[in-house]
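Below is one structure, written out as structure tokens; comments come after it.
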Amino acid sequence: MTTTRPDGGAGAPPPAAGGRRGGRLPADPRLARELLDGLAEAVLTTGADQVVTLANALAADLLPEATPGTDLTRCAVPALAAAARSGTDGFDATHHGRRLRGTRRALTGGRYAWYVRDVTEESARVDALRAERTRTGFLAQAGSRLGLSLHRDRTLHTAATLPVPYLADLALVLYRPPLPADQRPRWIRYADGDPAPTEGPLPAGLPGLSAALRGDADPDPWRDAEPAALAAVLPPEFARPGPMLVCPMPGTGRPAGALVLLRRAGRDGFDRRDAELAREYAARAGAAVGAAELYGEQAHLARVLEQSLLPPQLPTVPGVALAGGYRAAGDRLRIGGDFYDVSRVGQGALFALGDVCGRGVGAAVLTGRVRQSLQTLRLVERRPLELIRLLDRALLDTPQPTPRSQFTTLLLGSVAAEPDGDVRLRVAGGGHPDPLVVRADGTVGRVRVGGMPVGALTAARFAEAEVRLAPGELLLAYTDGVTGARGGPAGAELFGERRLRQALGEAAGLPPTALVDRLLRLVDDWLAGQSQDDIAMLAVAAAEG
């Protein structure tokens, strides 16, 4: 059928309205071929019998086996042949080193067209992204696991366990023990399938051992090692190691050790990305081990300091009952700036209770200095007032970071039993809260001592008071951590001297140990778990019977 154009000429019928194409296909076969060859996909067309009828230029390049006339069900491209036989509309395969992905579309007349894309670079990018995510996840998990413990041995065991089997079939961590008396290098080994890491001493005959422990990375330090030497560190089934990688483990100030990764014979070697990941992991493991070592050293020093500064066991004094109570501020150390001390002197004793400036470790160091100074000065002076003056001079003469930056408030006293059963005390004061006396009838009074802080002023003045305690009476010396404890219903109210006096009055007649325990419980209940200042108290009474 022909149609008449507006100019009166005849021509082909116009395209149907609503058709999917905007015009007629080109009738020139050469133009159609050029269009097909210009596509970014390989195109194969087949008849209903699955025989290739057309292949564009890219198809000839990617699928040279599928030329026109080839039966796709028997072609030399296995994935494509299998898809053609089964009637599957797609395949994904590697062919001639290229990753190919094909899709089949049905055409009119029972014919088909295969559109095949080369997705090698796309797949490589996806694989690289997936691998990078996996590596990042491994490092994140490793960092979290390595940071869970500050115990050095546990950290070393974790460092040997985590790389298996992701990075290697076996991991060895080489290290030197921290104690100078035991410097023989050791190893910790973990292999895929082991229930737990094992460890032992390193043999001296391993090549490259010293370099590895110095932090040098030798890629194959045991190439020339004797089998007997390797047997000491490797499981029997490994024999000689396969692919190997050695990474230094830098610590804090010195190498923490070395990480040796081994793969079984036949497994691929370590590529560049594997080596980078292993080095990054080894660096994190070394940092974790170094942090654990540093923490261990600090914990050891803290324990030594703590043992030297904790309140001592009180001596037995004839005719005198003594009890002490102590709470350090809410930090990790059980030492602080408040202290008490009692030393037996003849038939009596000298006691001290003080509160040094500051809190925590710094205050604990000053506490030790004050206590050591008192121990020395007691050898030449036992009168409380003279003794506190000597201590003041000793602290003033001690070099300090800043002028008058460290001082202490102090009660310094002597105690002895009298023949009539009373107890006589002489108490010198250096700017400390006055002690309280609990009489047998529950009356609570203050022993006014006064004085100025010790070690603060060059012209400080100190005072002294004397008190006698009859049987059933008690003197309590305390630091301001008791009255200054903040808590209560609102969590911010001071415990205060009024509550302290009330508690003492209600506890009249109790022996010193029971009274101190009661006061500590009351303060703990008042604080209800909140942070606190240091607390120290010392109770003195006439011994019963």
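The values are calculated or read from the model by the stated rules, or taken from the named source; none is laboratory data. As the structure is a computational prediction, the values presented were derived from the model and not from experiment. Here Cβ is always computed from backbone atoms with ideal geometry, including for glycine, and neighbour counts include all displayed protein chains. We work out accessible area using only protein heavy atoms, side chains counted, and drop any ligands, DNA or RNA first. Shrake-Rupley method; radii C 1.70, N 1.55, O 1.52, S 1.80 Å.
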Open item on the list: Is there a quick way to get the dipole size of segment 448-503? I mean about its Cα centre, with the Cβ of Lys and Arg at +1 and of Asp and Glu at -1; what is the value in debye to the nearest 20?
Closed with: 120 debye
Task: Electrostatic dipole magnitude of segment 66-141 [Cβ: Lys, Arg +1; Asp, Glu -1; Cα centre; debye, to 20] - done: 100 debye
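Normalised by the number of residues in segment 101-174, what is the relative contact order in percent for Cα pairs under 8 Å and 6+ residues apart? Display every interim value, and only then the final one.
Values: 37 pairs, mean separation 11.3, N = 74.
Here the relative contact order equals 15 percent.
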Task: Calculated over segment 444-493: convex hull of Cα atoms, volume per residue (Å³) - done: 124 Å³
Task: Using a Förster distance of 30 Å, the FRET efficiency for Arg272-Ala232 (Cβ separation, nearest 0.05) - done: 0.40
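How long is the gain from Leu457 to Arg74 if the chain were fully straight, where each residue apart is worth 0.36 nm and the alpha carbon distance is subtracted? Intermediate values should be presented prior to the final figure.
Numbers: separation 383, 0.36 × 383 = 137.88 nm, distance 10.55 nm.
Extra length from Leu457 to Arg74 when fully extended: 127.3 nm.
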TODO: Set the Förster distance to 25 Å, then compute FRET efficiency between Ala140 and Arg279 from the Cβ-Cβ distance, nearest 0.05.
DONE: 0.90
- [ ] Find the accessible area per residue for segment 450-545; the probe is 1.4 Å, ligands and nucleic acids are left out, and the unit is Å².
- [x] 45 Å²
Open item on the list: I want to check the label-to-label distance for Tyr115 and Asp61. Put each point 7 Å from Cα in the C-beta direction and report it in nm to one decimal.
Closed with: 1.9 nm
Task: Length released on extending from Glu122 to Thr198, taking residue separation times 0.36 nm less the Cα-Cα span - done: 23.0 nm
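If the chain between Thr398 and Thr513 were fully stretched, how many nm would it gain, using 0.36 nm times the residue separation less the Cα-Cα distance? Can you show the working numbers first?
Working: separation 115, 0.36 × 115 = 41.40 nm, distance 3.64 nm.
The Thr398-Thr513 span can extend by a further 37.8 nm.
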Open item on the list: Using the basic label-point model (7 angstrom from Cα toward the beta carbon), what is the Ala528 to Ala131 distance in nanometres?
Closed with: 6.0 nm
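Grab the eigenvalues of the alpha-carbon gyration tensor for segment 335-465, scale each by 5, take roots, and send me the semi-axes largest first in whole angstrom.
Its equivalent ellipsoid spans semi-axes of 26, 16, 14 Å.
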Task: Estimated inter-spin distance, Arg498 and Leu35, nm [label 7 Å along Cα→Cβ] - done: 10.1 nm
Open item on the list: Once neighbouring chains are kept in place and the probe is 1.4 Å, which whole percent of the accessible area of segment 378-478 is contributed by carbon and sulfur?
Closed with: 52 percent
Task: Relative contact order %, segment 17-128, counting alpha carbon pairs below 8 Å whose residues are six or more apart - done: 21 percent
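Where does each of 515-522, 479-486 land if you order them by average Cβ count within 10 Å, highest first?
Working: 515-522: 17.8, 479-486: 21.0.
Ranked by mean Cβ neighbours within 10 Å, highest first: 479-486, 515-522.
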TODO: Would you mind getting me the FRET efficiency between Tyr295 and Arg214? Use the beta-carbon distance for r and R0 = 25 Å, nearest 0.05.
DONE: 0.55
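Taking the Cα centre of segment 55-195 as origin and charging only Cβ (+1 Lys, Arg; -1 Asp, Glu), how large is the dipole, in debye to the nearest 20? Working shown, then result.
Numbers: 20 positive and 15 negative charges, 69 e Å.
Charge dipole, segment 55-195, about its Cα centre: 340 debye, nearest 20.
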